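Each remark here refers to the structure printed beneath this line.
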Amino acid sequence: MSDKRKIYDYIKRTINPYGRPFDGTAYELGVKIIDFIENIDGEKENGWIPVTERLPEEDGRYLVTFKNGIKVCMVGYGSCKRTVLGYPIGHGWYSLEEAQYYAKDSIIAWMHLPEPYKEDET
């Protein structure tokens, strides 16, 4: 993927994340885009971003690769909505099926979810 395409995709994801409009000022959007361009080398050609380079800026769902290399799956990042005995269970990478967080060193890379498949309208 070309750098231009990566920047375009990032702007598109940022302006309309998860179908919601960007919640911030034009200045904040500009700062996010500049930061992304400066860190574009941290993203590998295949789309994977090492956690040693950077972590997601937004809470949400991401694909991750685990340290053992056996598993790639979708997990949440941020503050889990679930609670244990009425208390939030923290912030970080968490399972979408169970009320548990993954150890910080168990995930080595992450990537944004791809756009949903759309059939051609021809």
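The values are calculated or read from the model by the stated rules, or taken from the named source; none is laboratory data. Predicted model, so just to flag it, every value in this text is computed and none were measured. Methodologically, a virtual Cβ is constructed for each residue, glycine included, from the backbone with ideal geometry; neighbour enumeration extends over all protein chains shown.
Summary of computed values
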| quantity | calculated |
| --- | --- |
| Whichever residue in the stretch 93-122 is within 15 Å of the chain's Cα centre (by Cα) and within 13 Å of S79 (Cα to Cα) and, among such residues, is surrounded by the fewest Cβ atoms within 10 Å (Cβ to Cβ) | L96 |
| Number of the condition not met by N68 [criteria: (1) assigned to a loop (DSSP other than H, G, I, E, B); (2) at pLDDT below 80] | (2) |
